[in-house]
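Following: one structure in structure tokens, then a few remarks.
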Amino acid sequence: MARELKIWLYDRQQVIAKLTALGGEHLNDTSSIHTYFNQPDGQVLKLVEMNGAITLDILKRQGKNFVIVSQEPVENQAAMLEKLKNQYGIKTKLTMHSKSYQLQGYKIGLYDIENVGEFLILTGDNPTVELLDKWFAIKLPKVVTVSFDNL
């Protein structure tokens, strides 16, 4: 299962420059809307609308990482939204703008979340703060151990 390590991002241009120097492959730029539903602490249930597609994403916190439990396409958005809204209640909606890169088997996402802040998400089998230091010289990153809807 893929894991995510999330940190606050303070110098986007420095990270992009280092990604380029390391041979990171720019994958895409996207905007998305994340609808979060009420969940117990450490669990995330959200609908993600991006590029005309919708997925139902479930994540669980494990230590400093979030494990992606599932990410399934949704055919009928209205029905799924109504079902989840009735079952859990909508907590919030967040609009995110991102740049995605690939580097040495990891996906690196640079996120600007409206009214929340900027973040780097390192996704792969074993994302660590040591990798962030090695690649980007980010010393003592401020790790995000809560879901973005709790910031």
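What follows draws every value from the coordinates through simple rules; no lab data is involved. Just so you know, these numbers come straight off a predicted model, no measurement behind them. Quick reminder, even Gly has a Cβ in these numbers, built from the backbone with ideal geometry, and neighbours come from all protein chains shown.
A few comments on the model shown:
- In region 63-88, of all residues being assigned to a strand (DSSP E or B) and more than 15 Å from the chain's Cα centre (by Cα), the one that is nearest to V144 (Cα to Cα) corresponds to E72.
- Residue within region 32-48 that is among the β-branched types (V, I, T) and either surrounded by fewer than 16 Cβ atoms within 10 Å (Cβ to Cβ) or outside any strand (DSSP E or B) (or both) present: yes
- Exactly one residue out of I68, I138, I108 is buried (at least 19 other Cβ atoms within 10 Å of the Cβ), in contact with a strand residue (DSSP E or B) (Cβ under 8 Å, 6 or more places away or on another chain) and within 22 Å of T30 (Cα to Cα), and it is I108.
- Residues satisfying the stated conditions in region 17-31, i.e. outside any loop (DSSP other than H, G, I, E, B) and either in contact with a helix residue (DSSP H, G or I) (Cβ under 7 Å, 6 or more places away or on another chain) or surrounded by fewer than 17 Cβ atoms within 10 Å (Cβ to Cβ) (or both): A17, K18, T20, A21, E25, H26, L27, N28, D29, T30, S31
- Set K91, K107: member being assigned to a strand (DSSP E or B), in contact with a helix residue (DSSP H, G or I) (Cβ under 6 Å, 6 or more places away or on another chain) and touching a residue at least 24 places away in the same chain (Cβ under 8 Å): K91
- Checking each residue in region 44-91 for being under 14 Å from A2 (Cα atoms) and of a type in the set (S, T, N, Q) picks out Q62, N65, S70, Q71.
- Checked against (1) under 22 Å from Q14 (Cβ atoms); (2) in a loop (DSSP other than H, G, I, E, B); (3) polar (S, T, N, Q), N126 meets all criteria but (1).
- One residue stands out in region 130-148 among those that are among the hydrophobic types (A, V, I, L, M, F, W, C) and not in a loop (DSSP other than H, G, I, E, B): the one that is nearest to G117 (Cα to Cα), namely F148.
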